[in-house]
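Provided herewith is a single structure, encoded as structure tokens, for subsequent inquiry.
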Amino acid sequence: MSRTLFVVTIAAIAAASWAPARAEEKLDRGVAALRNEDGQVYVGWRLLADDPPDAAFNVYRQAGAGGAAERITSGPVRDSTNFVDTKTPKEGDLRYAVRLVTGGAEGPPSPASAVADTPPGASYLRLKLQGPYTAQKTAAADLDGDGRLEIILKQPDFNTDPYQKEGYWKKSEDTYKIEAWTLDGRMLWRHDMGWSIEEGIWYSPYVVCDLDGDGRAEVYAKGGDGDPREPTGHVMKGDEWLLKLDGRTGRVLKKIPWIPRLPQIGEYNHYCRNLLAVAYLDGKRPHLIMQRGTYQGIVVEAYVGDLERVWQWKSWDEKEKYNSQGSHTLHCADVDGDGRDEIIVGSCVVDDNGKGLWTLGIGHPDTCYVGDIDPSRPGLEIFFGIEPRQKSGAVRLVEAATGKTIWANTEPTVHVHSQGMCADILAEHPGQECYAGEAKGGTQFWMYTADGKCIGRENIGGLAPWTLWWDDDPQKEIILGGKITKFKGKALLDLAEARRGTLAADILGDWREELVTFTRGEMRIYTTTIPARTRRVCLMQDRLYRNDVAVQSMGYNAPPQHSKPW
């Protein structure tokens with residue numbers, strides 16, 4: 001046995017043998033307070049997974065940080081986790097908190113939240129940045145262990161692609177900076193990624209999670225040394241690292257070698273494709289997943305604790321065709337129902353033990369969503385849009401556990417492109433609708449129901465429309481033309497100049513989702529003020545959903561999926 005294999009095997013045995021209770025992300029009530037168009041204050045808060053079935057809530061208002069808290073609900077709120085204060089003063093420093101009521105007894109108050117300093121009806125929180133920039137990527141995690149999420153962004157919003165033809169690649173204009181912000185508008189720290197990291201999403205992955213188990217999230221990012229640029233601006237040599245940054249200060253705590261530029265992965269366009277993700281490989285502890293390669297050879301490594309490697313997987317070591325199956329993001333989900341997450345690399349899946357589970361062998365998917373897409377079937381499904389030319393079957397739904405095709409399109413395709421869409425946007429069809437389209441010579445579009453009925457052939461307004469829960473019904477809303485709207489229905493909110501989202505996630509308030517966007521010098525976190533008549537446990541406490549939120553800070557953005565239907 002080689003020394004490398006021996007070390008990896010010992011690490012894997014240690015990882016499997018140490019089995020504490022599952023690490024849970026601590027969350028507070030996430031109280032959000034915003035004025036609606038009438039000047040009344042909408043208040044939303046979280047229902048948590050460990051709340052008892054009889055959980056109800058009293059809402060309190062206080063004037064100023066030192067004012068006395070006054071209960072403003074006549075009785076505990078039981079059927080939702082929001083409340084509209086119709087008797088609020090029109091001005092003044094108002095703060096809101098909630099108290100859990102269970103078994104007839106009232107608990108301690110949640111942290112109080114001030115009313116957002118935005119115009120009535122604006123439906124967003126506003127954070128002023130330290131310059132006239134916008135962000136390319138955004139993450140959300142608790143950096144200090146207080147149960148309140150912070151925002152970790154990467155700026156500026158500039159992107160170049162390693163592809164060397166057709167003008168995709170551009171020389172970097174600046175260096176990327178990672179910044180950590182509190183939701184009340186304080187910048188905690190800034191980390192300059194430096195000139196060894198080119199200004200493109202494939203060179204600069206980062207994710208945020210509590211890997212070492214101290215109750216505070218760390219930032220994990222690709223890094224390098226000095227300025228190794230060629231005269232052309234390309235970075236083709238130099239040391240490469242996986243950095244662990246302290247979530248409270250941004251200080252580099254540890255660095256280990258990044259997966260090297262290997263000939264099996266390919267030349268510059270191929271080895272510059274880098275990804276990170278979070279997976280619960282033992283079902284209990286988060287593991288960091290590092291990947292290099294997409295279109296040719298692919299290497300995946302798994303780490304736990306203080307960046308101890310558990311295993312390494314190489315696509316070319318498999319007997320079947322695992323090369324060239326990578327996607328433009330990573331999904332991590334328990335596809336086989338054993339309680340442990342697998343890594344959905346793209347058109348192939350790596351098991352929790354670092355062995356290939358299955359592969360389609362038909363090439364790279366631009367579209368890849370993993371979730372309970374068809375609730376009438378057991379387990380999870382994966383919706384694919386395959387980029388390379390296919391005689392048929394480029395748009396398909398498969399069983400996540402086996403890769404077996406459930407349904408597929410029958411037409412030849414040229415280039416199914418971008419992230420597509422997978423969400424329940426139509427009440428008349430059970431399950432989620434699946435949408436994909438072509439580009440680069442192709443002209444076809446498809447909208448399928450979860451059971452495979454084609455219900456649309458038109459471009460619905462882009463190849464990758466985002467979706468999110470915004471109003472009170474089980475169907476998601478869709479973002480088209482800079483507006484949050486019902487699909488083929490009325491617009492619910494105009495995003496104005498903040499049209500491009502960088503994160504969709506349930507980061508505050510009740511179970512409806514927030515949209516993080518930017519204008520020059522300003523971050524806007526859009527959150528609904530539509531009263532709900534229902535309640536649902538915070539979506540971030542669903543493991544598949546949380547894993548999907550974690551990877552929105554790298555690769556192509558795709559709205560997160562949920563492991564359970566409505």
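Can you tell me how much longer the chain between L262 and K165 gets when fully stretched, taken as 0.36 nm per residue apart minus their C-alpha distance, in nm with one decimal?
Here the answer is 32.7 nm.
With all protein chains present, how much of the accessible area of segment 416-566 (probe radius 1.4 Å) comes from carbon and sulfur, to the nearest whole percent?
Carbon and sulfur atoms account for 51 percent of the accessible area of segment 416-566.
Let me ask something else. Efficiency by 1/(1 + (r/R0)^6): what FRET value for A68 and E106, r their Cβ-Cβ distance, R0 = 22 Å, to the nearest 0.05?
After rounding to 0.05, the efficiency reads 0.85.
When only alpha-carbon atoms count, how far does segment 352-503 stretch along each of its three principal axes, as whole angstroms with the largest first?
45, 37, 31
How big is the Rg/Rh ratio for segment 145-297, C-alpha atoms only, Rh by Kirkwood, two decimals?
On the Cα set of segment 145-297, Rg over Rh gives 0.98.
Hey, another quick one. If the chain between K237 and D50 were fully stretched, how many nm would it gain, using 0.36 nm times the residue separation less the Cα-Cα distance?
62.4 nm
Pairs of Cα atoms under 8 Å, at least six residues apart: use those to get the relative contact order of the chain, whole percent.
Answer for the chain is 13 percent.
Work out how much length D472 to R389 would gain on full extension: take 0.36 nm times their residue separation and subtract the Cα-Cα distance, in nm to one decimal.
Once the chain is fully extended between D472 and R389, it gains 25.8 nm.
Once the Cβ-Cβ distance between E308 and Q130 is put in as r, and R0 is 41 Å, what FRET efficiency do you end up with, to the nearest 0.05?
E between E308 and Q130, to the nearest 0.05, is 0.70.
What angle do you read, to the nearest 10 degrees and between 0 and 90, between the alpha-carbon axis of helix 3-17 and the longest principal axis of the chain?
30 degrees
For segment 94-107, what does the Karplus curve 6.51 cos²θ - 1.76 cosθ + 1.60, with θ = phi - 60°, yield as ³J(HN,Hα) per residue in whole Hz, taken in order and with x for Gly and Pro?
Rounded to whole hertz, the list is 9, 10, 10, 9, 10, 10, 5, 10, 8, x, x, 10, 9, x.
Something else now. Based on alpha-carbon atoms only, what is the radius of gyration of segment 418-548 relative to the globular estimate 2.2 N^0.38 Å?
1.09
Relative contact order of segment 221-373, please, whole-number percent, based on alpha carbon pairs below 8 angstrom and at least 6 residues apart.
15 percent
Would you mind working out the accessible area per residue for the chain, using a 1.4 Å probe, and quoting it in Å²?
For the chain, the per-residue accessible area is 38 Å².
Take segment 337-435, drop everything but the C-alpha atoms, weight them equally and run the Debye formula without solvent; then report log10 I(q)/I(0) at 0.10, 0.16, 0.17 Å⁻¹ to two decimals.
The Debye formula, applied to the Cα set alone, gives -0.26, -0.67, -0.75.
List the pair-distance distribution P(r) of segment 348-390, using every Cα-Cα distance, as the percent of pairs falling in each 5 Å bin from 0 up to the bin containing the longest distance, rounded to whole percents.
5, 20, 20, 23, 22, 9, 1
Using a cut-off of 28 Å between alpha-carbon atoms, which lysines can reach K490, once sequence neighbours fewer than 8 places away in the same chain are excluded?
Cross-link targets: K453, K476, K564.
The values are calculated or read from the model by the stated rules, or taken from the named source; none is laboratory data. Source: prediction; values computed, not measured. Virtual Cβ from ideal backbone geometry, glycine too; neighbours counted across all protein chains shown. Calculation scope for accessible area: heavy atoms of the full protein, side chains included, ligands and nucleic acids excluded. Shrake-Rupley method; radii C 1.70, N 1.55, O 1.52, S 1.80 Å.
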